[in-house]
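The values are calculated or read from the model by the stated rules, or taken from the named source; none is laboratory data. Keep in mind the model is a prediction, meaning the values are calculated, not measured. Quick reminder, even Gly has a Cβ in these numbers, built from the backbone with ideal geometry, and neighbours come from all protein chains shown. Protein only, heavy atoms only, side chains kept; ligands, DNA and RNA dropped before computing areas. Shrake-Rupley method; radii C 1.70, N 1.55, O 1.52, S 1.80 Å.
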Amino acid sequence: MRREIVSIVTGWGTRFGAGHIQRMAALVDFLERKKNMRPFIINDTCIEEPPLSLPCRALPYIQPGSSCLIRDMRDSSVEEMLRLKRYCRVITIDDCGPGRDFADLAIDLLPNLNYPLRSKKAFIFGYNFINSMQLIHNRSVKRTIDCAIYTGYNPPADTVDFLLSLIPDNATCALLCGEKSFLFKERTLSDLAMPYAEALLSSRVLISHFGITLYEGRAAGCRLISLNPTEYHSMLADKAKDDLGVINLGTREGLDPDRARQTITAACLENQADRIDPALVLAHIEKRMELFYSKIAPYLADDWPVKK
């Protein structure tokens with residue numbers, strides 16, 4: 001039986017951050033492990049190393065014989081979309097560019113400012129989050145960290161220092177920045193001796209800019225606070241309030257530090273469950289990925305008629 005080939009076009013680095021490659025790496029793993037497909041990550045422009053160990057080798061070209069192409073790299077142009085459609089049918093994700101209208105299927109997983117209708121149940125969590133959740137499995141995890149901070153892709157030192165200045169003096173804080181993650185307790189730094197998902201499960205509060213990290217924190221049962229690099233991200237965080245119950249502090253430029261500290265302190269003191277069941281989180285992750293797959297499955301079949 002022929003294994004369907006799927007080319008997944010995405011990006012990472014300074015322009016894209018880590019969210020796109022995190023969720024597309026998770027999709028690669030799912031399609032290969034659960035659906036017996038041959039997915040490939042495609043990137044023909046990025047010179048930076050990916051911010052995670054990929055489940056397959058990234059290629060600089062679209063894989064020949066692909067039955068479908070999935071594009072996840074923000075706004076497309078008409079020219080780009082028409083070029084991609086010369087290879088095969090195209091599914092585009094969270095795309096607000098003019099090329100969106102020329103795709104065979106457009107799916108919105110995150111809120112956006114242009115398309116109010118989206119799939120609120122289907123979702124793709126990040127590869128690192130899913131992998132580290134699988135390592136925990138049924139092991140009990142207690143909330144021992146007051147606040148976790150996701151600092152974004154390769155954050156500058158002044159951003160990290162500023163965020164730490166907002167944390168209460170007596171709080172235990174985890175800085176989540178990949179291999180450079182650390183624990184900040186009693187104004188002393190130490191290595192964060194736990195994987196990413198366990199750090200979220202162990203934390204009462206998560207501070208992050210708008211993106212999939214907030215959704216991962218929500219799945220882990222964290223109280224969510226958003227602090228954003230741009231007004232655009234802040235508006236998206238506002239649109240996600242109903243989904244996530246997030247407290248949006250706006251942008252750093254417009255922030256009142258004293259009020260932000262009060263908000264973070266109050267969130268750390270809120271009553272919440274002392275533990276969360278990792279098995280339930282894994283079931284939630286799997287269910288939402290299956291819902292995403294149910295939307296794209298008709299377009300992955302080799303005999304599906306290509307849209308002209």
Hits among aspartates and glutamates - C-alpha to C-alpha of Lys142 under 12 Å, sequence gap 8 or more where chains match
Glu198, Asp274, Asp277
Label point distance in nm, Lys239-Thr14, each placed 7 Å from Cα along Cα→Cβ:
2.7 nm
Out of the chymotrypsin sites (Phe, Trp or Tyr not before Pro) in the range 1-66, which ones are loop residues according to DSSP with at most 14 other C-beta atoms within 10 Å?
Tyr61
Note: Val78 to Leu52 extended length (0.36 nm per residue) minus current alpha-carbon separation gives 6.3 nm
Divide by every residue of the chain the summed helix terms, -39500 (n - 2.57) for each DSSP H run of at least 4, and state the resulting mean residue ellipticity at 222 nm, rounded to the nearest 500 deg cm²/dmol.
-10500 deg cm²/dmol
What GluC sites (Glu not before Pro) in the range 208-277 are in a loop by DSSP, with at most 16 other Cβ atoms within 10 Å of the Cβ?
Glu253, Glu270
Taking the highest mean first, how do the peptides 174-187, 271-284 order by number of other beta carbon atoms within 10 angstrom per residue?
174-187, 271-284
Taking Cα centroids, how far is the range 139-157 from the range 246-298 in Å?
12 Å
Rounded to the nearest 5, what is the percent of antiparallel bridges among the DSSP beta bridges in the chain?
25 percent
May I ask you to give the solvent-accessible area per residue for the chain, in square angstrom, as obtained with a 1.4 angstrom probe?
48 Å²
Which entry in [x] 28, 26, 21; [y] 43, 25, 15; [z] 35, 21, 17 is this structure's computed semi-axes √(5λ) of the Cα gyration tensor in Å?
[z]
Proximal charge balance of Ile167 [Cβ under 9 Å; K/R count +1, D/E count -1]:
-1
Cross-link reach list, lysines versus Lys239, counting only Cα pairs under 27 Å and skipping chain neighbours closer than eight places:
Lys120, Lys121, Lys287, Lys295
For Ile5, list long-range residues whose amide hydrogen, built 1.01 Å from N in the peptide plane, is under 5 Å from its own amide hydrogen.
Arg38, Ser67
For the range 143-242, the percent of accessible surface on carbon and sulfur atoms (probe 1.4 angstrom, ligands and nucleic acids excluded) is 49 percent
